[in-house]
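Visitor: Pasting a structure below so you can have a look.
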Amino acid sequence: MIKIPTRVLLVDDEKDFVEMLGLRLAEVGENVTPAHSGQECLQVLEKKEIDVVILDILMPGMDGIATLKEIKKRFPLVEVIMLTGHGTTESAVEGLKLGAFDYLLKPAHFGELTTKLESARKRKDEQAERIRKAEAKLLLRKSGDI
Amino acid sequence: MKTIRLLLVDDEDHFRQTIAKRLAKRGLASDQAANGNECLSILEKKSMDVVVLDVKMPGMGGIEVLRNITGKYPKTEVILLTGQATASDGVEGIKSGAFDYLTKPIELEHLFNKIIQAYEKIRRLDAEQKEAEYRKQMAQQMIVTERLASLGTLAAGVAHEINNPLAIIRESAGWMRQLVAKDELKDIPRREDFVKALDKVEKGVERAGRITHQLLGFVGKSESAITEVNLMELTEEAIQLVTHEAQKREIKIVRQMEPSPDTIWSDAYQIRQVLLNLLTNALHAVNSEGIITIAMEDFGDSQAITVSDTGQGIPRENLDKIFEPFFSTKSPGQGTGLGLFVSRGIVEKLGGTIEVASKIGQGTRFSIRLPKQLKKTDDYNESRGENWVEKIKSRFSE
């Protein structure tokens, strides 16, 4: 079976971490875009189609939670997986309430991360599918009206 | 009034006996000595609060006796009796440490009052000394607590800073592992050495990660969630988690828990962490066929859980150190040396106490006691300060 690459946006202020994890994800067939701040993350999302954002919570400037709020407001279909470096399960829970798909404790196991990525991607696809169906129905009804 | 241990020393038998009789009528019993040597030999056998001492005696004079007493028995007060002509001896006596002097002929009322005053001085000094000791002890305890608190903060800061590079190391090693797995690198020379080294890197990261997580867990205070907790159920849960290991090693777990209808308000998650830590320690302490006893007791306003093992016990020189961070007698990589440090932090944060008693060759007992109602304390050092003042107050207000 040919794997369809998930378009991943990897956001962390630790550049080496982004580089290494990016290489690993690319190696298993994902399509990775790096970003090193909340602002950069939003800029990428404006230009590029992204399936899942892997988002660090603790970042200087605009932190993960603030970034998550923006993402959900402006790009509601994009799924977000939070990375918590600290014992900040609290922020992770807050993230879930704000619409994040899931969270992972840093340092995360790669296997766990890829599994979550797959599930997030699946949910996004299903949601997109539902929207398409709903739109089609709407279109059908409208054309029936005519 | 507590019995005053009183010794009358005078060579005039009649005078001494009369005074003794009259003091006895007022409720003051006394021992008697007819000379200085007799006085000192009585003091050797029996400690006295107040000695009423005649200055002018054949043989060893009163002043010499006095110097002997103040030198050897600092907690004994001496009242000197001087003749009219020898009042200067009284002044000399006070310089040598006598409480006061009375000039013969004495009024009994006077003597009685002086004895009481001397005794009150002893009691006051005693109380002051106890208070000073108590203060010193509390101050020491606070130094330890503060040291641990600042160590904790520092350690957590370090842990957090280390987590990021750890994540980089982990991902880099993981990336190398992926590379080695690629077809094009299948036949590289010394491939096994390479993979083995990667294993070691990953294990090392794993180990460092465990330490940082535990440290952060210690400081992650804002996460605590206070709910109604059934301590007995919680304990049972914790026991269940170690039962498998206990059975495997033929260790007996004995429960001595009296069911209590009461619950406590506390943090279930954190208490479970403490209980698990104590149970795991007990498991590590005992050989197979050892016994671990878990007891629970209700004290009205608090509940206590005791975990006892029949292990080797903790040497006295280690007992003070076991709650310090990074103290461990396990081999490197086996224990982080943080279990008890973290447990103590948790229990104290929850307003409770944790204590240890141990006997070499017999075993160790850890007791935690938790209040049923958790007092909200924003600053835990401050709350300790208050306790300290209250404790002293309650101890010395009679």
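The values are calculated or read from the model by the stated rules, or taken from the named source; none is laboratory data. As the structure is a prediction and not an experimental result, all values here were calculated from the model. Ideal geometry is used to build each Cβ from the backbone, glycine not excepted, and the neighbour counts take in all protein chains shown.
Matching residues to (1) surrounded by 12 or more Cβ atoms within 10 Å (Cβ to Cβ); (2) over 22 Å from B:LYS121 (Cβ atoms):
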| position | (1), (2) |
| --- | --- |
| B:GLU12 | yes, yes |
| B:THR18 | yes, yes |
| B:ALA29 | no, no |
| B:GLY36 | yes, yes |
| B:GLU44 | no, yes |
| B:ASP49 | yes, no |
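Visitor: Specify the residue that is farthest from the other protein chains (Cβ to nearest Cβ); the eligible residues are those in the stretch A:9-56 that are part of a loop (DSSP other than H, G, I, E, B) and small (Gly, Ala, Ser).
Guide: Of all residues in the stretch A:9-56, those part of a loop (DSSP other than H, G, I, E, B) come to A:12-14, A:28-30, A:36-37, A:48-51.
So of that shortlist, the ones also small (Gly, Ala, Ser) come out as A:29, A:37.
Numbers: A:GLY29: 11, A:SER37: 15 Å.
Result: A:SER37.
Visitor: So, A:VAL78, is that one crowded, with 21+ Cβ neighbours inside 10 Å and away from chain B (no Cβ under 14 Å) or not?
Guide: Taking the combined requirement at face value, the residue does not satisfy it.
Visitor: Another question, if that's okay. Among the strands (runs of 3 or more DSSP E) lying completely within the stretch B:257-376, list those that include at least 3 residues that are surrounded by fewer than 17 Cβ atoms within 10 Å (Cβ to Cβ).
Guide: Numbers: elements: B:264-266, B:291-298, B:302-309, B:353-359, B:363-371.
Where strands (runs of 3 or more DSSP E) fall fully within the stretch B:257-376 and carry at least 3 residues being surrounded by fewer than 17 Cβ atoms within 10 Å (Cβ to Cβ), they are B:353-359.
Visitor: While we're on this one: Inspect the stretch B:153-164 for any residue being at pLDDT below 85, within 14 Å of chain A (Cβ to nearest Cβ) and not in a helix (DSSP H, G or I) and give the result as yes or no.
Guide: Taking every residue of the stretch B:153-164 in turn, none turns out to be at pLDDT below 85, within 14 Å of chain A (Cβ to nearest Cβ) and not in a helix (DSSP H, G or I).
Visitor: Now for a different question. If you check A:ALA92 against the conditions, is it part of a loop (DSSP other than H, G, I, E, B), surrounded by 12 or more Cβ atoms within 10 Å (Cβ to Cβ) and within 14 Å of chain B (Cβ to nearest Cβ)? Don't jump to the end; show me each part of the working.
Guide: Working: part of a loop (DSSP other than H, G, I, E, B): no; surrounded by 12 or more Cβ atoms within 10 Å (Cβ to Cβ): yes; within 14 Å of chain B (Cβ to nearest Cβ): yes.
When the stated conditions are applied, A:ALA92 does not pass them.
Visitor: Further question on the same structure: Look at the stretch A:124-146 and say how many of its residues are surrounded by 10 or more Cβ atoms within 10 Å (Cβ to Cβ) and either outside any helix (DSSP H, G or I) or aliphatic (A, V, I, L, M) (or both).
Guide: Qualifying residue count for the region: 7.
Visitor: Within the stretch B:56-77, can one find any residue that is in contact (Cβ under 8 Å) with a residue 40 or more places away in the chain and assigned to a strand (DSSP E or B)?
Guide: Yes: the stretch B:56-77 contains one or more residues that are in contact (Cβ under 8 Å) with a residue 40 or more places away in the chain and assigned to a strand (DSSP E or B).
Visitor: Looking at the stretch B:227-256, which of its residues are in contact with a helix residue (DSSP H, G or I) (Cβ under 9 Å, 6 or more places away or on another chain), at pLDDT below 85 and either of a type in the set (S, T, N, Q) or in a loop (DSSP other than H, G, I, E, B) (or both)?
Guide: Correct list: B:THR227 only.
Visitor: Collect the residues in the stretch B:92-124 that are closer than 14 Å to B:LYS56 by Cα and not small (Gly, Ala, Ser), keeping them in residue-number order.
Guide: Filtering the stretch B:92-124 down to residues closer than 14 Å to B:LYS56 by Cα leaves B:92-93, B:101-105.
Answer for the stretch B:92-124, where residues must be closer than 14 Å to B:LYS56 by Cα and not small (Gly, Ala, Ser): B:GLU92, B:TYR101, B:LEU102, B:THR103, B:LYS104, B:PRO105.
Visitor: Could you tell me which numbered condition B:LYS203 fails, if it satisfies all but one of (1) closer than 24 Å to B:ALA155 by Cβ; (2) surrounded by 13 or more Cβ atoms within 10 Å (Cβ to Cβ)?
Guide: (2)
Visitor: Would the stretch B:223-243 turn up any residue that is among the acidic types (Asp, Glu), within 14 Å of another protein chain (Cβ to nearest Cβ) and out of contact with any Pro (no Cβ under 9 Å at 6 or more places or on another chain)?
Guide: From the stretch B:223-243, those among the acidic types (Asp, Glu) are B:223, B:228, B:233, B:236-237; that's our starting set.
In the following step, the residues that additionally are within 14 Å of another protein chain (Cβ to nearest Cβ) were identified as B:223.
In the following step, the residues that additionally are out of contact with any Pro (no Cβ under 9 Å at 6 or more places or on another chain) were identified as B:223.
Among the residues of the stretch B:223-243, at least one is among the acidic types (Asp, Glu), within 14 Å of another protein chain (Cβ to nearest Cβ) and out of contact with any Pro (no Cβ under 9 Å at 6 or more places or on another chain), which makes the answer yes.
Visitor: Can you name every residue in the stretch B:40-55 that is part of a helix (DSSP H, G or I) and among the hydroxyl-bearing types (Ser, Thr, Tyr)? Before the answer, list the steps.
Guide: First pass over the stretch B:40-55, keeping only residues part of a helix (DSSP H, G or I): B:40-45.
Across the stretch B:40-55, the qualifying residue is only B:SER41.
Visitor: Here is a further query. Restricting to the stretch B:1-33, what's the tally of residues that are of a type outside the set (Lys, Arg), in a helix (DSSP H, G or I) and out of contact with any Lys or Arg (no Cβ under 9 Å at 6 or more places or on another chain)? Before you say what the answer is, go through the steps one by one.
Guide: Applying the first criterion (of a type outside the set (Lys, Arg)) to the stretch B:1-33 yields B:1, B:3-4, B:6-15, B:17-20, B:23-24, B:27-33.
Remaining after also requiring in a helix (DSSP H, G or I): B:13-15, B:17-20, B:23-24.
Remaining after also requiring out of contact with any Lys or Arg (no Cβ under 9 Å at 6 or more places or on another chain): B:13-14, B:17-20, B:23-24.
Going through the stretch B:1-33 one residue at a time, the tally reaches 8.
Listed here are the residues, each with its yes/no results for (1) touching a Leu at 6+ places or on another chain (Cβ under 8 Å); (2) in the same structural domain as B:GLY363 (by TED's automatic domain parsing); (3) aliphatic (A, V, I, L, M).
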position	(1), (2), (3)
B:ALA208	yes, no, yes
B:MET232	no, yes, yes
B:GLU236	no, yes, no
B:LEU241	yes, yes, yes
B:ALA246	yes, yes, yes
B:MET257	no, yes, yes
B:ILE271	yes, yes, yes
B:ASN281	yes, yes, no
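Visitor: Do you know which residues across the stretch A:104-146 are hydroxyl-bearing (Ser, Thr, Tyr) and touching a residue at least 60 places away in the same chain (Cβ under 8 Å)?
Guide: Hit for the stretch A:104-146 is A:THR114, nothing else.
Visitor: Right, here's the next one. Take the stretch B:365-393 and flag every residue that is touching a helix residue (DSSP H, G or I) at 6+ places or on another chain (Cβ under 6 Å) and at pLDDT 90 or above.
Guide: B:PHE366, B:ILE368
Visitor: Hey, A:THR84 hits all of (1) modelled with pLDDT of 95 or more; (2) within 14 Å of chain B (Cβ to nearest Cβ) but one; which does it fall short on?
Guide: Only one criterion is unmet by A:THR84, namely (1).
Visitor: Is the stretch B:222-237 home to any residue that is β-branched (Val, Ile, Thr) and either closer than 26 Å to A:VAL11 by Cα or surrounded by 16 or more Cβ atoms within 10 Å (Cβ to Cβ) (or both)?
Guide: Within the stretch B:222-237, the subset β-branched (Val, Ile, Thr) is B:226-227, B:229, B:235.
Filter once more, so that each one left must be either closer than 26 Å to A:VAL11 by Cα or surrounded by 16 or more Cβ atoms within 10 Å (Cβ to Cβ) (or both): B:229, B:235.
Yes - at least one qualifying residue is present in the stretch B:222-237.
Visitor: Can you name the residue in the stretch A:95-112 that is farther than 19 Å from B:GLN214 by Cα and buried (at least 21 other Cβ atoms within 10 Å of the Cβ) and, of all such residues, is farthest from the other protein chains (Cβ to nearest Cβ)? So that I can check it myself, show each step before the final result.
Guide: First, the residues of the stretch A:95-112 that are farther than 19 Å from B:GLN214 by Cα: A:95-103, A:110-112.
Now drop any that are not buried (at least 21 other Cβ atoms within 10 Å of the Cβ), which leaves A:95, A:100, A:103.
On the way: A:GLY95: 15, A:ALA100: 18, A:TYR103: 14 Å.
So the residue we want is A:ALA100.
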